[in-house]
Structures are given as C-alpha cells and as structure tokens.
Amino acid sequence: MLGSAPAQTAIPATAGETSAENPWPLHLLSEKLKAHIERAPAAWVEGQVIELNKRANVSYLTLRDIDAEVSLSVTVWGSVLASMATPLERGARVVAQLKPDFWLKTGRLSMQGRDIRPVGLGDLLMRIEALRQALAAEGLFDADRKKKLPLLPHRIGLITGRNSDAMKDVLRNAALRWPAVEFEVREVAVQGVNAVAQVSAALAELDADPDVDVIVIARGGGSMEDLLPFSHESLVRAVAAAHTPVVSAIGHEADRPLLDEVADLRASTPTDAAKRIVPDVVEELRRVEQARGQLNRRINALVEREAERIAALRSRPSMAYPEDMVTARAQDIERLAGRALSAVGSAVARHMDQVTHLRAQVRALSPQKTLDRGYAVVQLPDGAVVRDPAQAPDGTTLRVRVAAGEFAATAGSR
C-alpha cells in the first residue's frame, strides 16, 4: 500500500554479512571498533621524542622509531609527565607504555601514554655491552677473520657525512701521502634514524665494486648518542659479511663503537685512517733510495770479493805457469817409459836364458844324443823296439837305427 513503512530487516551480526542493501549503522561500526581496540593490551615501545607540545593538563608528543622513518602521535596526561624524575625534552630517547584509544564520537584513534621513562646513558651502554659479548661469542671480532689491507690500494671507497670534516681530512691527508690515490665517495647520514640504512647501503654498493680495494667508514667526534648507529647490530653484521677490507674511523681515540671491533682495521681518527690506508710517497721514495744504495753496496762488495778470488786463483803456480804441469807429466811419462823398456828387456833376456837352458836340457835328454854316444835302437819290421832277445829269434829281419842312420840286419845265434 502506498505510504506504508518499509519492512524492518535484521542487522547483520558481522561486518562480512553487511551489504549495500543491509548496511550497519555508523555508530555500530564505531562501537565495535572501540570494543575491539579496548581489548588490545598496553605495549612498551622505544623511540625518540621529536615533537613536544605541553598544554594545561595534557601534552601531545610525537615519538619516532630509532631505526626507521616511522612516527606516532601520543597523548600524555600531565600527571604522567609530573611523575618523571627529570623533565621530558625534545630529542630525548624514551620507553613508553602506550594504550590505543578510540574516540567514539569523532572516530579518531589516539595513543594514550600511561608511563614514560627516559633511556639513560647507562642503559644504552649496557645494551651495547650485551651486544658486544653476544657478537664476540659468535666470533665476529676474532683476529683470524680480519682481512689484510692492500699495500697500495688503487681505489678507496669512503663512506662519510655530507661535506663533513671527516671526509675532508681523509681526502686531504691521503692525497698528501700518495697524490695518485683515487676515491669512490658515498656521502650519507652518519647520525639519526637514517644512518644505519644509508651506511649499510653504501657499504653494499662499494663492496660490490671490483675496483674498490678498501672501504673506509669515517665520522668525526660526537656524543655517545650520536655514535649509536655505528654500534647497531645490522651494520656490524654487514661489515662482518663484506668481502672488501673495511677500516673504521669513527670519532676520536676514546670512542669505541662496535664497528671498531668488527672492522678489519681500526683507526683512531679519520686523519689516522688516511695514514693507515696509503703509504707516504716521500717515505717510500726514501726507502727505495736506501734499498738502491744497499743493493749497490752489496753488488760492489760481491764484485770485489769475486775479483780477489780470481786474482788468488791466477796467482797459483798451476795458473801462473800451466806449462810446468805438462812438462812434469811429460818427464814422468818419459821416465816411466824408460823403466818399462828396461823392465821388458830384462824380462826378455831372462826368459831367453831360460829357453836356452831348457833347450840344452831337452837336447841332452833326446834319443838322438843317446845314439850319438854309440847306442843303437833295434826294431822289428813292424817298428816295435826290441827289448828282449826272445823278441828276435834267429833269422828275424831287424832294423838297426844308429846316430847317422839305419840299416837292416838278421838275427843269429849267439
């Protein structure tokens, strides 16, 4: 019927059940958001106060994260600030207990600060010392893992503040020591929330450059809070993982951030870093001149010593009169040859006498000599020698051999 009221529909129980035809009333969404947010527990957070606006009984401040570009507005009642031992100031580093609060009428979310405590220098030192011990236990500070710096780097990577005195000191002193030195400079934030990220990014970039032989991270002096980025765990681990040798030149002699412990070389100041990474050309030229002088003296001494040895060798009789050695050997040969001929002659004569004597003995014992003395040899026709009369009966033809020849005979009776 025209003019009748629209039918009533059930309100959705959850946000997922709402639709354009069946929406939630706005106050219901706000109430549910407030109920949900109020169930969230309070949380302790750490940050730095970058804005502080005090009013009658309430203060509005802005906290910024220590390591990232993240900030948060916080409302603090006057009683909380009044309970602090020292007045809260802009730039202070604090830990605060925050509880989210949702204003139902305006739909605004705010953070209520229930408690605020300053982070003192002692607390920071305790944290750094605990991190130092933990990293040392991992071996990140061990001497055997530190890389040796090149004797003469061709190109040096320099990470430092923008137009800082530290950069000028390194560049000037390095050029004075070695005019041909080349630098690859990366100007970054060296304090504040962006320092760790920018220094780490510059380190990664230079470490990936094959032309960079050594990397220097330099910063001038400052307060302990200003140097905190150089004790940050992520930066320390990035330096430990770098393949290129890293030199730490942070602050003054008394400043010892954790970067000094993990770096391959620690320089007390940026000026000291310039002296440690490149040699002094004047000193090197002086050393070259000294080495050249020592080399000349050693060569001259060697030549003189060898000349004296040659002179000593030449003064020996064998070198001064070499023909004497030949003459002496010729005389020895002549003498030995004479002795050999004499010995051979004597041996021949002696053996000739022995041959003559043996010949005489042989001849004296020969059958011919016996025949010459009047003896005869009687033989049978078959050539057998007659030694017994029975061998030659009467009438036996015989051959009789005497000294001058032989004749035939016939055996007869005696």
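How many residues does region 97-130 hold that are surrounded by 15 or more Cβ atoms within 10 Å (Cβ to Cβ) and touching a His at 6+ places or on another chain (Cβ under 9 Å)?
Total meeting the criteria: 1.
With a cut-off of at least 1 residues that are of a type in the set (S, T, N, Q) and farther than 24 Å from Ser234 by Cβ, name the strands (runs of 3 or more DSSP E) lying wholly within region 90-173.
Because the criterion is at least 1 residues that are of a type in the set (S, T, N, Q) and farther than 24 Å from Ser234 by Cβ, the strands (runs of 3 or more DSSP E) in region 90-173 that meet it are 93-103, 108-118.
Hey, among the residues in region 340-389 that are outside any helix (DSSP H, G or I) and among the small types (Gly, Ala, Ser), which one's modelled with the lowest pLDDT?
Gly374
Looking at Val344, Val400, Val378, can you tell me which residue is in contact with a Phe, Trp or Tyr (Cβ under 8 Å, 6 or more places away or on another chain), surrounded by 10 or more Cβ atoms within 10 Å (Cβ to Cβ) and not small (Gly, Ala, Ser)?
Answer to the selection: Val400.
Which of (1) surrounded by 17 or more Cβ atoms within 10 Å (Cβ to Cβ); (2) not in a helix (DSSP H, G or I) is the odd one out, the single condition Ala254 does not satisfy?
Going through (1) surrounded by 17 or more Cβ atoms within 10 Å (Cβ to Cβ); (2) not in a helix (DSSP H, G or I) one by one, Ala254 breaks only (1).
All but one of (1) touching a residue at least 60 places away in the same chain (Cβ under 8 Å); (2) among the hydrophobic types (A, V, I, L, M, F, W, C); (3) within 14 Å of Ile159 (Cα to Cα) hold for Leu206; state the number of the condition that does not hold.
In the conditions (1) touching a residue at least 60 places away in the same chain (Cβ under 8 Å); (2) among the hydrophobic types (A, V, I, L, M, F, W, C); (3) within 14 Å of Ile159 (Cα to Cα), Leu206 misses (1) alone.
Filter region 73-114 down to the residues that are over 26 Å from Lys32 (Cα atoms) and either basic (Lys, Arg) or outside the structural domain of Gly47 (by TED's automatic domain parsing) (or both) and list them by number.
Arg90, Arg93
Go through Arg145, Arg127 for me and flag whichever is under 30 Å from Leu61 (Cα atoms) and either among the charged types (D, E, K, R) or free of Cβ contacts under 8 Å to residues at least 24 places away in the same chain (or both).
Arg127
For region 43-55, indicate whether the set of residues that are of a type in the set (Lys, Arg) and either under 49 Å from the mean Cα position of the chain (by Cα) or under 30 Å from Ser234 (Cα atoms) (or both) is non-empty.
no
Please indicate, with yes or no, whether at least one residue in region 52-61 is touching a residue at least 60 places away in the same chain (Cβ under 8 Å) and exposed (fewer than 12 other Cβ atoms within 10 Å of the Cβ).
No.
Mind checking which residues of region 67-89 are surrounded by 11 or more Cβ atoms within 10 Å (Cβ to Cβ) and in contact (Cβ under 8 Å) with a residue 60 or more places away in the chain?
Hits for region 67-89 are Asp67, Ala68.
Those residues that are in a helix (DSSP H, G or I) and among the β-branched types (Val, Ile, Thr), I need them from region 263-316; list them, please.
Scanning region 263-316 gives Thr271, Ile277, Val281, Val282, Val288, Ile299, Val303, Ile310.
Report yes if some residue within region 182-198 is exposed (fewer than 15 other Cβ atoms within 10 Å of the Cβ), over 27 Å from Pro279 (Cβ atoms) and either at pLDDT 90 or above or under 27 Å from the mean Cα position of the chain (by Cα) (or both); otherwise report no.
no
Within region 8-42, restricting attention to residues that are among the hydroxyl-bearing types (Ser, Thr, Tyr) and more than 13 Å from Leu104 (Cβ to Cβ), which residue is nearest to the chain's Cα centre (by Cα)?
So the residue we want is Thr14.
Within region 257-268, which residues are in contact with a Lys or Arg (Cβ under 7 Å, 6 or more places away or on another chain) and either surrounded by fewer than 18 Cβ atoms within 10 Å (Cβ to Cβ) or among the aliphatic types (A, V, I, L, M) (or both)?
Result: Leu258, Leu265, Ala267.
Any idea which of Arg64, Arg39 is in the same structural domain as Lys105 (by TED's automatic domain parsing), out of contact with any strand residue (DSSP E or B) (no Cβ under 8 Å at 6 or more places or on another chain) and either at negative phi or in contact (Cβ under 8 Å) with a residue 24 or more places away in the chain (or both)?
Arg39
Mind checking which pairs have a first residue in region 344-357 that is in contact (Cβ under 8 Å) with a residue 60 or more places away in the chain and a second that is assigned to a helix (DSSP H, G or I) and among the acidic types (Asp, Glu), Cβ under 8 Å, 6 or more apart or different chains?
Listed by first residue and then by second, the contacts come to nothing, as the list is empty.
Six or more apart or on different chains, Cβ atoms under 8 Å: show the pairs whose first residue is in region 366-381 and more than 21 Å from Ala411 (Cα to Cα) and whose second is surrounded by fewer than 12 Cβ atoms within 10 Å (Cβ to Cβ).
Lys369/Arg363
From (1) touching a helix residue (DSSP H, G or I) at 6+ places or on another chain (Cβ under 9 Å); (2) modelled with pLDDT under 90, pick out the condition that doesn't hold for Leu259.
(2)
The values are calculated or read from the model by the stated rules, or taken from the named source; none is laboratory data. These figures come from a predicted structure and were not determined experimentally. Reconstructed Cβ throughout: ideal geometry from the backbone, glycine too, with neighbour counts over all protein chains shown.
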